[in-house]
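Participant: Below is a structure I'd like to ask you about.
The values are calculated or read from the model by the stated rules, or taken from the named source; none is laboratory data. Just so it is clear, the structure is predicted and the values come from calculations on it, not from any experiment. A quick note on method: Cβ atoms are made from the backbone with ideal geometry, for glycine too, and the neighbour counts reach across all protein chains shown.
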Amino acid sequence: MSKARAYTNIALIKYWGKSDPLWNLPTTGSIGLTLDQLYTETSAKINDDLKQDYFMLNGQKTQNLKVMKVMNFLRDLTGDRHFVEIFSENHVPTAAGLASSASGFAALAMAASQAFGLSLDRKELSTIARLGSGSASRSVFGGFSIWHAGHDHDSSFAESILDPLNFDIRVIDILADKSTKKISSSQGMQLAQSAPNYAAWCSNSQKQIDDMLAAIANSDLEKIGLIAEKNALAMHELNRTAIQAFDYFTQNTRDIIAATKKLYNSGTLAFATIDAGPNVKVITNSENQSTVIETLKNYGEILVQKAGPGVTNV
Ligand code: DP6
């Protein structure tokens, strides 16, 4: 049996659209920071008696098409037609609403490939994690990583930018809304691709990747935060201007973004980023963290995260 643990990551430059949904190739590259609090542990073992894969998530037998896709890929890759029993647990310190496909598929890529006897390097693991969920490609790596868009399975991989577990960055989740999302990220990005500004967002995102790489290399947290916030707000603007327009923001989301801007304007390093849901994450550092928490704790439960490690065996 093989068992792996992977942590969630937050996108500083977002992935928000597919050029090939079957292979999960993205329209743009993206940059993520793997975090240190929320993780998934997954074990996988070939079982000769099974007629299909057996997948237990948090103690419940689950049918998951994305898991099947990863397992079928591994069977095709190895020529081994066996089925696998997979046990996966999401470890979240607070209540529901935080479960993540990024940590889940990064852990599955490692555990399941090892169950088939493969010993893949991180780059290859990232391509397999990507088949399950795009953002999972980045959770294979610790710290900052980049997922290159690529043009086929092998060229669409993630790699480490910098894995400085002591990089002075904090990501503060303000958990205001714990309900599950109404529009999944896969659905959301498909809708967003109809926005009139979608092509402009993609080309802008390429420029933001270059600026973000420079900001990370210079340990310039203010630039990292400013670029990440701009990129995230533009992503959500796409959603509002899609042909079938939608919006993940709630009034609370807007209030937290406004409070974060106010903090920044009064000299605190604080920048908002938001994924496919209403919850805001604030990027800051150790020095400014207590000011941010003091201001935002009235809006929801607070979770503080630092840079975390890549996928490992446990
Ligand atoms: C907004 O990786 O969940 O968090 O590949 O369809 O499973 P699928 O999508 P997913 O999308 C993540 C979207 C995002 C931005 C990001 O993490 O880059």
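Participant: Restricting attention to segment 71-88, which residues are surrounded by fewer than 17 Cβ atoms within 10 Å (Cβ to Cβ), over 10 Å from Phe116 (Cα atoms) and acidic (Asp, Glu)?
Facilitator: Asp76
Participant: Between a first residue in segment 1-14 that is over 17 Å from Leu120 (Cβ atoms) and within 13 Å of the ligand (Cβ to nearest atom) and a second residue that is part of a loop (DSSP other than H, G, I, E, B) and not acidic (Asp, Glu), which pairs have beta carbons less than 7 Å apart while being 6 or more apart in sequence or on different chains?
Facilitator: Qualifying pairs under 7 Å: Thr8/Ser100; Asn9/Ser135; Ala11/Ser135.
Participant: Related question: Within segment 252-268, track down each residue that is farther than 26 Å from Ser135 by Cα and either under 18 Å from the mean Cα position of the chain (by Cα) or not acidic (Asp, Glu) (or both).
Facilitator: Across segment 252-268, the qualifying residues are Ala258, Ala259, Lys261, Lys262, Leu263, Tyr264, Asn265, Ser266, Gly267, Thr268.
Participant: Turning to a different aspect of this structure: Find the residue count for segment 255-297, including only residues that are surrounded by fewer than 13 Cβ atoms within 10 Å (Cβ to Cβ) and over 20 Å from Thr34 (Cα atoms).
Facilitator: Of the residues in that region, 9 qualify.
Participant: Assess whether Asp76 counts as being more than 16 Å from the ligand (Cβ to nearest atom), free of Cβ contacts under 8 Å to residues at least 40 places away in the same chain, more than 23 Å from the chain's Cα centre (by Cα) and under 25 Å from Ala149 (Cα atoms).
Facilitator: Yes; evaluated as a whole, the condition is true for this residue.
Participant: Look at segment 1-24 and say how many of its residues are surrounded by fewer than 19 Cβ atoms within 10 Å (Cβ to Cβ) and among the basic types (Lys, Arg).
Facilitator: 2
Participant: Now for a different question. Kindly state which helices (runs of 4 or more DSSP H) lie completely within segment 70-165 and contain at least 3 residues that are of a type in the set (Ser, Thr, Tyr). Write out each step before concluding.
Facilitator: On the way: elements: 101-115, 122-132, 136-139.
Those helices (runs of 4 or more DSSP H) span 101-115.
Participant: Can you tell me which residue is farthest from the ligand (Cβ to nearest atom) among those in segment 123-149 that are β-branched (Val, Ile, Thr) and within 12 Å of the chain's Cα centre (by Cα)?
Facilitator: Per the stated criteria, the residue is Val140.
Participant: Determine which member of the set Ile174, Ile227 is within 16 Å of the ligand (Cβ to nearest atom), outside the structural domain of Gly29 (by TED's automatic domain parsing) and either crowded, with 21+ Cβ neighbours inside 10 Å or more than 19 Å from the chain's Cα centre (by Cα) (or both). Show your work before the answer.
Facilitator: Details: Ile174 fails: within 16 Å of the ligand (Cβ to nearest atom).
Unique residue meeting the criteria: Ile227.
Participant: When only residues in segment 233-248 that are within 24 Å of Lys223 (Cα to Cα) and crowded, with 19+ Cβ neighbours inside 10 Å count, which is nearest to the ligand (Cβ to nearest atom)?
Facilitator: Per the stated criteria, the residue is Met235.
Participant: Scan segment 56-68 for residues that are within 16 Å of the ligand (Cβ to nearest atom) and not in a loop (DSSP other than H, G, I, E, B) and report the count.
Facilitator: Result for segment 56-68: 5.
Participant: Tell me which residues, restricted to segment 172-197, are of a type outside the set (A, V, I, L, M, F, W, C) and in a helix (DSSP H, G or I).
Facilitator: Ser185, Ser186, Gln187, Gly188, Gln190 - these are the residues of segment 172-197 that are of a type outside the set (A, V, I, L, M, F, W, C) and in a helix (DSSP H, G or I).
Participant: Would you check which residues across segment 258-281 are aliphatic (A, V, I, L, M) and either within 16 Å of the ligand (Cβ to nearest atom) or more than 13 Å from Glu229 (Cβ to Cβ) (or both) and list them?
Facilitator: Matches in segment 258-281: Ala259, Ala272, Ile274, Ala276, Val280.
Participant: Regarding Gln187, is this residue surrounded by fewer than 15 Cβ atoms within 10 Å (Cβ to Cβ), within 15 Å of the ligand (Cβ to nearest atom) and not β-branched (Val, Ile, Thr)?
Facilitator: yes
Participant: Check segment 66-74 and report whether any residue there is in contact with a Leu (Cβ under 8 Å, 6 or more places away or on another chain) and closer than 30 Å to Lys207 by Cα.
Facilitator: The answer is no, given that none of the residues of segment 66-74 is in contact with a Leu (Cβ under 8 Å, 6 or more places away or on another chain) and closer than 30 Å to Lys207 by Cα.
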